[in-house]
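Since every read-out is calculated from the coordinates, none of them should be taken as a lab result. Note that the structure is predicted; figures quoted are calculated from it, not measured. Quick reminder, even Gly has a Cβ in these numbers, built from the backbone with ideal geometry, and neighbours come from all protein chains shown.
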């Protein structure tokens, strides 16, 4: 069947923008403080899921909501199922935006808003790819399920709930990464190092706060210190800022001297794309006389974790010729005097190393500290051979639609729902050469790219199910 997929995608531009406006308008970051029986992850993720399913119901698809944790859109029949896995949740907006993060804003051809790149914009483009088939009267030879999760940015609670209730898909793709295609994803594990929060030095660390999520490079960091020469600390901090790639300021009041640092947020899969405000602030404070857990907390951040995304200082650096480097992101960093402290470290690792090696490095680094290390959720490396038909078909569609005949599948540090399927990959929607603003302030995706992705998804779904 001859279809001009790109021309067809342009026909949907106005409707697509309207629907994306609706989805971006929902702050769907997880908020456990507002969790209820109706909204188990807080109201935002559930409302975004309901809105997504509402679009499909409007368009005449069969849908099912699984307890406001996950849902699916279904089209076609058959014993085999092609799964398309997206997510409706987003990262917290954070600071530093020049537009309202929850108002879709089109400027200079770009669509700004939280979720435009990760993952509402791409997921909606894939949904419209499916809608194209239905509107053209194309009946797939197998069942298609477009599955929507609500907690991809943290614990995958929604998709795990789906797998508890529904058959696990074995074949499909997730529109939650980049083109041309991701056929391999590194392992992913987080460790939390905790302290009691004691102080015993000449200076007291009252509090320290940096980071929103473990898989996000912290843009902001704040700390309060008492017991020092405030004038000297202010002067020293100004000199420090002249030498490093962050900005900041200090204020002094009856509660002590307050430090603020601003770096650059980025996706935790490649920490080198960001500037970690927390570890920079710790590297400054570490030069002063703190004691107890405060000293250990600052020392671990400054001496073992700061500016070392490949974990050389921990002695666990590792590279695989197919999957590349082990990477480390220092995510959430908090200290409350006499009330506890923690440091989240998120690792993306290739085949050949793993959680045991990583924990050994952290244990050695904290051997002389009163610290406790706890391993969190782990996902092992995932790889689909490039010769698999799912890879070959999607790569062929991408090459046809873009003219990039030299494109090859890639391995990345990001973790997508694609790894939930034995023959699952990540497919788009970030094009080569387009800025990656996932998890950052001023997140955007070019409108033209999203429409091109829609065309690619339409043809891809058609080719995989004809």
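Helix-only arithmetic for the chain: the sum of -39500 (n - 2.57) across DSSP H runs with n ≥ 4, divided by the residue total, places the mean residue ellipticity at 222 nm at -9000 deg cm²/dmol. The slack in the chain from residue 13 to residue 258, taken as 0.36 nm per residue of separation less the alpha-carbon distance, amounts to 83.4 nm. Which residues does the label zone of residue 80 cover in the range 376-391, counting backbone N under 20 Å from a point 7 Å along Cα→Cβ? Of the residues in the range 376-391, 384-391 have backbone N under 20 Å from the label point off residue 80. Once the Cβ-Cβ distance of residue 168 and residue 272 is raised to the sixth power relative to R0 = 30 Å, the FRET efficiency obtained is 0.30. Compared with the direct C-alpha span, the chain from residue 4 to residue 364 gains 123.7 nm at full extension, assuming 0.36 nm per residue. Residue 33 label point, 7 Å along Cα→Cβ, cut-off 16 Å on backbone N: hits in the range 95-125? Only 95 fall inside the zone, counting backbone N under 16 Å. The simple Förster model, with R0 at 60 Å and r as the Cβ-Cβ distance, assigns residue 399 and residue 234 a FRET efficiency of 0.55. Just check the range 157-278 against the gyration tensor rule for me: Cα atoms, a ≥ b ≥ c as the square roots of the eigenvalues, rounded for a/c under 1.5, and otherwise prolate or oblate depending on whether a/b exceeds b/c. Prolate, because a/c is 1.5 or more and a/b exceeds b/c. Label-to-label distance, residue 106 versus residue 139, with points set 7 angstrom from Cα along the beta-carbon direction: 3.7 nm.
Per residue, the convex hull spanned by the Cα atoms of the range 91-173 amounts to 128 cubic angstrom. Between 0 and 90 degrees, the angle of helix 355-365 with respect to the longest Cα principal axis of the chain falls at about 20 degrees. Contact order for the chain, expressed relative to its length and based on alpha carbon pairs under 8 Å spaced 6+ residues apart, stands at 24 percent. Efficiency by 1/(1 + (r/R0)^6): what FRET value for residue 50 and residue 385, r their Cβ-Cβ distance, R0 = 30 Å, to the nearest 0.05? The formula returns an efficiency of 0.20 here. Taking label points 7 Å from Cα along the Cα-to-Cβ direction, residue 57 and residue 192 give a separation of 3.6 nm. Distance between the 7 Å Cα→Cβ label points at residue 249 and residue 67: 4.7 nm. Between residue 222 and residue 154, full extension at 0.36 nm per residue minus the direct alpha carbon distance yields a gain of 22.1 nm.
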